Amino acid sequence: MKKTVLAVLGGILMTTATAHAEHKLLVTEVLDKKQVEAQALFEYSHLKGDITEAGDHGKATLNAAESLYSVGVGLGHGLEVSASLPYIFSEREKEVIDGVGTAQAKRDGFGDLGLQAKYRLIGGEEAPLTVVAGLGLKFDTAGDSQAGTGTTDVSPFIAASANLGHHNTPYAIYRATFRNHDEYDTHTISLGFEKELNHTVTIDAKVDANFNTATRDYTANEDFTFEVASYLQMAHNFYLLPSVAYVVTTD
């Protein structure tokens, strides 16, 4: 299936118009009509946080190596649509309560299919300020045998970026994620900075603050993600994005 995903991405790239020399991977950038960009993100993340269970206190840790394959196409008039599919190479979670290991979980395989549309409200490629709004949908497609979440998610968002010149672009995002099956919802505020070094390499640093609502089994909590990624142009309109993330959660 992994080879099929890459073949589909390659086919789309060959049959659509090429994008401009500079990438349009930033959340506030929108592809022009018939333009396309594909990316393969590879990320390692480490999470740690405190947990409380039946009055006992402990620690939770999670280590994950995963990838995300996506392609976006411009439809014109400031509108872009994209599709994405994650693949989990390895995800290992461990909980320790009062010095005793109580639970270990692992998963791997393909995750759930996602679709997203975004529309440019103001600004553009050379504008000092750009604002976009969008909607993401994640479907429950992976099943229990793969690395899906078991929920269908609806994620409206709004994002803004400023053009400071010399390829320096700070940006901010607000995204709300609503899940079914009585799972928690998440409100995310992201602050980031993108620096294009040349046409081949771009650095992107970002901080996410995720506010998770309470469920029947868990209290409301927050987690904070610190992430550094790079955009590496491997071919026209195709990018690899190696990324490292560190996540801290509250009780």
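The values are calculated or read from the model by the stated rules, or taken from the named source; none is laboratory data. Every value quoted in this text rests on a predicted model; they were computed, and no experiment measured them. Glycine gets a Cβ as well: all are built from the backbone with ideal geometry, and neighbour counts include every protein chain shown. All accessible areas refer to the heavy atoms of the entire protein, side chains included, with ligands and DNA or RNA removed. Shrake-Rupley method; radii C 1.70, N 1.55, O 1.52, S 1.80 Å.
Can you give me the pair-distance distribution of the chain, C-alpha pairs, 5 Å bins, whole percents?
Final binned percentages: 1, 6, 11, 15, 21, 17, 12, 8, 5, 3, 1, 0.
At 1.4 Å probe radius, can you tell me the per residue accessible area of the chain in Å²?
Working: 13490 Å² over 251 residues.
For the chain, the solvent-accessible area averages 54 Å² per residue.
How big is D, in µm² s⁻¹, for region 70-125 by Stokes-Einstein at 37 °C and 0.692 mPa s if Rh is the Kirkwood radius over C-alpha pairs?
220 µm²/s
For region 112-182, what % of the accessible area comes from carbon and sulfur atoms, probe 1.4 Å? Don't skip to the end; give the middle numbers.
Working: 2290 of 3800 Å².
For region 112-182, the apolar C and S fraction of the accessible surface comes to 60 percent.
Could you state the principal axis extents of the C-alpha atoms in region 126-169, from the largest down, to the nearest angstrom?
Over region 126-169, Cα extents along the principal axes are 48, 19, 11 Å.
Please check: in the Gaussian network model of the chain (C-alpha springs, under 10 Å), which one of Ala205, Ala160, Ala105 has the largest mean-square fluctuation.
It is Ala105.
How far is helix 2-15 tilted off the main Cα axis of the chain, in degrees rounded to 10, range 0 to 90?
Long axis of 2-15 versus the principal axis of the chain: about 20 degrees.
Determine the sum of side-chain charges near Gly111: Lys and Arg each +1, Asp and Glu each -1, restricted to other residues whose C-beta is under 11 angstrom from that of Gly111.
Summing Lys and Arg as +1 and Asp and Glu as -1 gives -3.
With each run of n ≥ 4 DSSP H residues scored as -39500 (n - 2.57), what mean residue ellipticity at 222 nm is computed for the chain after dividing by its residue count and rounding to the nearest 500 deg cm²/dmol?
Helix-only estimate at 222 nm: -2000 deg cm²/dmol.
With no solvent and one equal point scatterer per Cα, compute the Debye intensity ratio I(q)/I(0) for region 107-223 at 0.13 Å⁻¹ and report its log10, rounded to two decimals.
-0.67
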